[in-house]
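Chemist: The structure follows.
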Amino acid sequence: MKDEVDPAVVRQLLSLNRQFYESFAQPFSQTRLRLQPGVRKLLPRLVNCASLLDFGCGNGELLAALLQAGFHGRYVGLDFSRSLLQIAAQRWAEEGGQRQASVSFQAVEITQPDWHRSLSGAPFNAVVAFAVLHHLPSFELRLQVLKTLRQLLAADAAAALYLSNWQFLNSPRFRQRIQPWDEVGLSETALEAGDTLLDWRQGGRGLRYVHHFSEEELAQLAQQSGFAVVESFSSDGRGGNLAIYQVWKSQPGGESESA
């Protein structure tokens, strides 16, 4: 296992996931038509936000739930899958277009320098990244993204980053979907501990990259990106342990010296 992943491998894994979400956008969206219990637990804290950035918005399911709960603020949904963004925009047009909220969607390429400069509406009172971070290969890329998300948060004591990360190894069903890295021409030695290749079986067979986090790893990411973990709980799945949910708040003084 690598302490630092080769940039070429990072690009390959990002390309793998981009291809997956473009190829399976419709069947994937059909499996994401209700919020996970952990997201529903956090929803009351989000519905009254004046501005919210949904980083990795997918098919717009969070927006639909926010609107149903009475959200009237400014919402910006970001994703790298144009097909999923198209589904989200269509849902907004059909279900929420008459509601009193400011809504926009934007495709982003997080590996590009200053990708956040083109965002309108920053800073945000809340940033959410539900089921996103575990699809970003390499500690360095995750750290870079988290530092950027911190910059996009309002300088307000109530402003927070809300995260969820898939704990797929807690599920025997998902453990059965782990595939060997040689399917995509990679060796396990080129990857970080926790990096996993999972298959997809609805609407055809696909492959995607996922990282399994420990709470210690998440704490390290928070500290090095200038956040503190203020809340952490497990939720989702039959055992209530299929995801770790956390609330992070920006710390005065910014990033640590070790970042």
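A short reminder: the numbers here are calculations on the coordinates, not readings from a lab. Only a predicted model underlies this, so the values are computations on that prediction, with no experimental measurement involved. Cβ coordinates were reconstructed from backbone atoms using ideal geometry, including for glycine residues, and neighbour counts include every protein chain displayed.
Chemist: From the residues PRO113, VAL184, CYS49, which one has its Cα farthest along the dipole of the chain in the positive direction, the dipole being from +1 and -1 charges on Cβ of Lys/Arg and Asp/Glu about the Cα centre?
Modeler: CYS49
Chemist: Given a cut-off of 17 Å, what percent of all Cα-Cα pairs of region 194-246 lie beyond it?
Modeler: Details: 758 of 1378 pairs.
Here the tail beyond 17 Å accounts for 55 percent of pairs.
Chemist: Could you tell me the convex hull volume per residue, in Å³, taken over the Cα atoms of region 119-162? Before the final figure, lay out each step's value.
Modeler: Details: hull volume 3.4 nm³, N = 44.
Output value, Cα hull per residue: 76 Å³.
Chemist: Can you give the translational diffusion coefficient of region 1-73 in µm²/s, computed by Stokes-Einstein from the Kirkwood radius over Cα pairs at 4 °C and 1.567 mPa s? Show your work: numbers first, answer last.
Modeler: Working: Rh = 14.7 Å.
D = 88 µm²/s.
Chemist: Scan around ASP195 for amide H atoms under 5 Å from its own, H built in the peptide plane at 1.01 Å from N, and keep only partners 5 or more places away or cross-chain.
Modeler: HIS212
Chemist: Let me ask something additional. Binning at 5 angstrom from zero up to the longest distance, how are the C-alpha pair distances of region 7-250 distributed in percent?
Modeler: P(r) over region 7-250, rounded to whole percents: 1, 6, 14, 18, 21, 19, 13, 6, 2, 0, 0.
Chemist: Cα atoms only, region 45-94: Rg and Dmax in Å?
Modeler: 10.4, 29
Chemist: For the chain, modelled as a GNM with alpha-carbon contacts under 10 angstrom, which of GLU61, GLU192, GLU215 fluctuates the most?
Modeler: GLU215
Chemist: Which residues make up the longest stretch of the chain that has no trypsin sites (Lys or Arg not before Pro) in a DSSP loop with at most 12 other Cβ atoms within 10 Å?
Modeler: Values: sites that count: ARG34, ARG201, ARG205, ARG238.
Formally, the longest exposed-site-free interval is 35-200.
Chemist: Considering Cα pairs under 8 angstrom that are at least six residues apart, work out the relative contact order of the chain and quote it in whole percent. Please list the in-between numbers first.
Modeler: Working: 459 pairs, mean separation 53.3, N = 259.
Across the chain, relative contact order equals 21 percent.
Chemist: How big, on average over all directions, is the shadow cast by the Cα convex hull of region 28-137, in nm²?
Modeler: Values: hull surface 27.3 nm².
Hull-based average projected area comes out at 6.8 nm².
Chemist: Alpha carbon centre of region 133-183 versus region 213-242: separation in Å?
Modeler: 9
Chemist: Between THR189 and GLN68, what FRET efficiency comes out of the Förster formula 1/(1 + (r/R0)^6) with R0 = 51 Å and r the beta carbon distance, rounded to 0.05? Provide the component values of the computation, followed by the final result.
Modeler: Values: r = 47 Å, r/R0 = 0.93.
The pair GLN68/THR189 has a calculated efficiency of 0.60.
Chemist: Sticking with this structure for a sec: At 222 nm, what value in deg cm²/dmol follows for the chain if DSSP H runs of at least 4 each add -39500 (n - 2.57) and the sum is divided by all its residues, to the nearest 500?
Modeler: Numbers: 8 runs with 80 residues, N = 259.
It lands at -9000 deg cm²/dmol.
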